[in-house]
Each structure stands twice: as structure tokens, then as C-alpha cells.
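The values are calculated or read from the model by the stated rules, or taken from the named source; none is laboratory data. Computed from a predicted model, the values in this text were never measured in an experiment. Cβ sites come from the backbone with ideal geometry, for glycine too, and all protein chains shown count toward neighbours.
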Amino acid sequence: MKTELTINGRSRAIDVEPRMTLLDALRDAAGLKGTHAGCEHGVCGACTVIVDGDAVRSCLMFAVQCDGMEITTIEGVAADPGELDVVQDSFCETHGLQCGYCTPGMVLAAKALLAVEKDPSDEQIRDAISGNICRCTGYGQIVEAIRLAAKRLRESNTAAMEAGE
Amino acid sequence: MKAAPFDYLRPGSVGEACEALAADMEARVLAGGQTLVPMLAMRLSRPSRLVDITRLEELSRIDRVEDGVAIGAAVRQCIALRSDIIASDVPLLAAALPHVGHPPTRARGTVGGSIAHGDPSAEIALAATILDARIMFLADGEEEEFSPEEFFIGPTVTMAPLGGLLTRVVFPSRPSGRVGAAFHEIASRRSDYAFASTGAQVVLDGDGTCTDALLGVGSVGDTPVALDVSALAGTRLGEEDIRGAVEAALEDLDCVDDLHATATYRRRAAAQLAAQSLRNARDRAVEETA
């Protein structure tokens, strides 16, 4: 089935079987391997991407369902090649990752939260990542990373300009 | 973990969706897919065709209707959670929604899909049972209506008509007076299937006497159940009143044993959570100015 996906701002037409998940389409049809395949049945959250503004599990959507939708993967979060997004930077600084397998999903879940909540409580942060499993960190540093990213985004020039200060 | 092949149809209208479902008994409705897609991935379900209803405008609305709030089958849980109409008119559902899955599953999962699936630990199914919502289907061109009590007949077993389409669920609006609602559950980890879940709604009159109380328990047995706590009417919902009513209401409750929790644990947890829900509902009603 012909399907058009806008991935990280770039429109791509792909021809997929209806049973191909968005996860497999991103990895195999679009060649973007940053979205990780974990359990492939909606339990682990490793494959989390942003679809039309919401964090979703890409293993629980078929690519054909996403026709015409805007998708952001981990490859699309940084401003330029070789750079890191504020959230990615914060994960590095607080040791919010060890093996890194859950990290793309964690970062996108965090970005979806920070897009709507500038100053999230730890409770809100924990809720936002409650669908993502990490077997290394014990989550404490991940919560810390998202808290730090939120602080930096609030204090950044862009945020100040948006607020008209 | 790859689904078996199927056809995919994105109908342009409810009529077209119904025709497709009626024409092929192996076809299934695809709404949020948060339960169906894992079942396809594990090949526990092998439908011939998926009928994707998520883009049907007519099923994507939350409307005030004469006797309540009608939630279309394609309304996603995250939209329901942000709905001012649900927050003000159906406080018990609003209290239950934050417990449904987690943000990424709520972003796709639908209110109607949760009802249609009929999982005994589904929070939305429990809220519908407590409030006696109306579950509306279209089948063979006829509208069919079910009460939750008749619709949920076993774990993920429902009275859904063969080849039918769930179109909307109508939740009764909050009664007049000072209303409070609360929802509590316990699970091994956040967002996992609950071992016991409870919801309560109470109405107080001007001087704080209870005029009506509703209670229900989910996750402990084969279906969510509404329990009779009408004895609370006329009391001031003191600790003794609540404990007595919960004990009486849970007396004949069927609880199941499984790998995750024993029946006795579920009963104990349900009793604590039920009392907690009633206390919180009372406190919220007290906060409402008469």
C-alpha cells in the first residue's frame, strides 16, 4: 500500500504491506535505525516516537495508519548533524543512560512532555516515562535528566524570547 | 512478533465501515489498536481485514446529549482526558482516565475500544459500569443498545453483536447537588494491569448529608461490577458508615486467584481502595460549594 510519511520534516512515499508496523517502516523502509525494537508488542517503550505531537509506541501502529502524519524520531531531535538536543545533552550529563537501548524512547517521551509542560513535577516526569522500561539506571538519573532539560529550556534564550522578555 | 497478513480498509463513513464488517465475519475494527495490535503481533488474532475507524469525523466527537455525554468510538483517551465536557459533566470518568495505561498508549487508545475489548481490569469499563453508561452499536443497519451489566459477560467476552460496530458510549451526566468522584487502583507497577480497582461517586445535600452513593470494583473477577451502597444515603459518610457499607457491599464479591494475586488479597485490597475512593469522593463533594 502506498503510504506517505513525513519523517523528521521530510516527506517520504513508501510502499508497504498493511501489516508492517511503523517501527519496521522507520527502521527498514526509511533506514532510520535509531528507533529501537524491543518487545515489539507494546510493553517496553523502546520504540517510542512522536506522531502528530504525541509520544506513541511505533510497534503498536501500522505504517499505513500513519499516512499523512508527522513523525519525529530520535534522528530528528537535534538541530544539526553532530549536535545533541537539550534533552539528549541532559541525559549525558546526569548519566541518564548506560546501555542506551531505552534512550531514544525515553528522550522522545521526555520531549513530548516538555512540549506541553515547561516546569514538570517529578510526578509528571515519572508519569511521562511510565511506559518506558530501563533495566540499567533505576530511573533516578533519567528523572534527573528530564528535570535538568526542563530547567535549561526554561532558561534558554529561545524560551525567554517566546515569553517576550 | 510480526502480524499475519491482512487487508487494510480506511472507510470514508460509518455506513461504509458497517458494510465492510457485515460482509466479512473475519474482519475486525481497528480503533486505537493498543490491545489489538499486540494480539496480532503474537498471532493470537488473525483477522482477514482491519477496518480503521480512527479518521471518521462522526465517531471522533464528545457531545453533550439529552441524557449525558456521548463519546464517539474513535475518541482517543488522551483527548477524553483533556476534555472540559468530561471533566465537568462526568467526574468519575475524569478521575478514572489518568489511570488508563500511560501517555503513549492513551495517545492512541480509545474510550470505545476499551469498552469493546471488555478487559475486567479496564478503568473505563469500570467507570461505565458504575455510572450505568449506554453502549451503542450499529449492526445490520439497526442501532443496538447495551447496559454495561449485560454487555460485559466474562474476561474480554462481551455481547457485541457479530459484524457490528460500536459507535458511541453515552455516560450519564453528573446529578445535581454537590458531587464528588474518585478512582483508585493497585498494580505491581504504574500503568500495569491492576489487581484491584475501585471508583466511587457521592452526592451531598446543602448541609453535607449524602443523598446518593455509587461504588464499583474492577480487576478482581471476570467483569467489572457495580456494588450497592445505597445504605450510605442519609448518612454523613463518616468512617464507620463507609466501612460498614463497603463490608456489606463486598460480601458476595467474586474474586479470582491467579499468578499475580490471590483472591483473598484482591478482596482485601478492593475493600481498602473502595473505602479510600468513598472518602476521597466525599472530600471532593465537600469542596464543592452548595
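Considering every residue within segment A:90-109, establish whether at least one is more than 18 Å from B:Arg76 (Cα to Cα), within 14 Å of another protein chain (Cβ to nearest Cβ) and surrounded by fewer than 16 Cβ atoms within 10 Å (Cβ to Cβ).
no
Where in segment A:53-165 are the helices (runs of 4 or more DSSP H), entirely inside, with at least 1 residues that are under 22 Å from A:Asp28 (Cα atoms) and not assigned by TED's automatic domain parsing to the domain that holds A:Val43?
Hits in segment A:53-165: A:103-116.
How many residues are touching a residue at least 12 places away in the same chain (Cβ under 8 Å), in a loop (DSSP other than H, G, I, E, B) and more than 8 Å from chain A (Cβ to nearest Cβ) when one looks only at segment B:13-52?
So the answer is 12.
Return the residues of segment A:1-15 that are closer than 17 Å to B:Val51 by Cα and outside any strand (DSSP E or B); say none if nothing qualifies.
Within segment A:1-15, A:Met1 is the sole residue that qualifies.
Looking at segment B:234-269 only, could you name the residues that are touching a residue at least 24 places away in the same chain (Cβ under 8 Å) and among the basic types (Lys, Arg)?
Within segment B:234-269, B:Arg236, B:Arg243, B:Arg266, B:Arg267 qualify.
Table: residues versus (1) closer than 20 Å to A:Arg19 by Cα; (2) in contact with a Lys or Arg (Cβ under 9 Å, 6 or more places away or on another chain).
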position: A:Gly53; (1), (2): no, no
position: A:Val56; (1), (2): yes, yes
position: A:Met69; (1), (2): yes, no
position: A:Asp80; (1), (2): no, no
position: A:Val86; (1), (2): no, yes
position: A:Asp89; (1), (2): no, yes
position: A:Thr103; (1), (2): no, no
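Which residues, counting only those in segment B:254-269, are exposed (fewer than 13 other Cβ atoms within 10 Å of the Cβ) and either touching a helix residue (DSSP H, G or I) at 6+ places or on another chain (Cβ under 6 Å) or modelled with pLDDT of 95 or more (or both)?
Scanning segment B:254-269 gives B:Asp257, B:Thr264.
Might you let me know whether segment B:147-166 holds any residue that is more than 21 Å from B:Gly113 (Cα to Cα), out of contact with any Asp or Glu (no Cβ under 7 Å at 6 or more places or on another chain) and either surrounded by fewer than 24 Cβ atoms within 10 Å (Cβ to Cβ) or touching a residue at least 24 places away in the same chain (Cβ under 8 Å) (or both)?
no
Can you name every one of the strands (runs of 3 or more DSSP E) wholly within segment B:95-160 that holds 3 or more residues which are of a type in the set (A, V, I, L, M, F, W, C) and touching a strand residue (DSSP E or B) at 6+ places or on another chain (Cβ under 9 Å)?
Correct list: B:134-139.
How about segment A:38-61: which of its residues are over 15 Å from A:Ala109 (Cα atoms), of a type outside the set (D, E, K, R) and within 7 Å of chain B (Cβ to nearest Cβ)?
Correct list: A:His41, A:Leu60, A:Met61.
Among (1) buried (at least 18 other Cβ atoms within 10 Å of the Cβ); (2) within 11 Å of chain A (Cβ to nearest Cβ); (3) over 23 Å from B:Arg106 (Cα atoms); (4) of a type outside the set (D, E, K, R), where does B:Ala4 come up short?
That leaves (1) as the condition not met.
Does any residue of segment B:55-70 turn out to be touching a residue at least 24 places away in the same chain (Cβ under 8 Å), under 27 Å from A:Glu40 (Cα atoms), within 14 Å of chain A (Cβ to nearest Cβ) and assigned to a loop (DSSP other than H, G, I, E, B)?
Scanning segment B:55-70 turns up at least one residue that is touching a residue at least 24 places away in the same chain (Cβ under 8 Å), under 27 Å from A:Glu40 (Cα atoms), within 14 Å of chain A (Cβ to nearest Cβ) and assigned to a loop (DSSP other than H, G, I, E, B).
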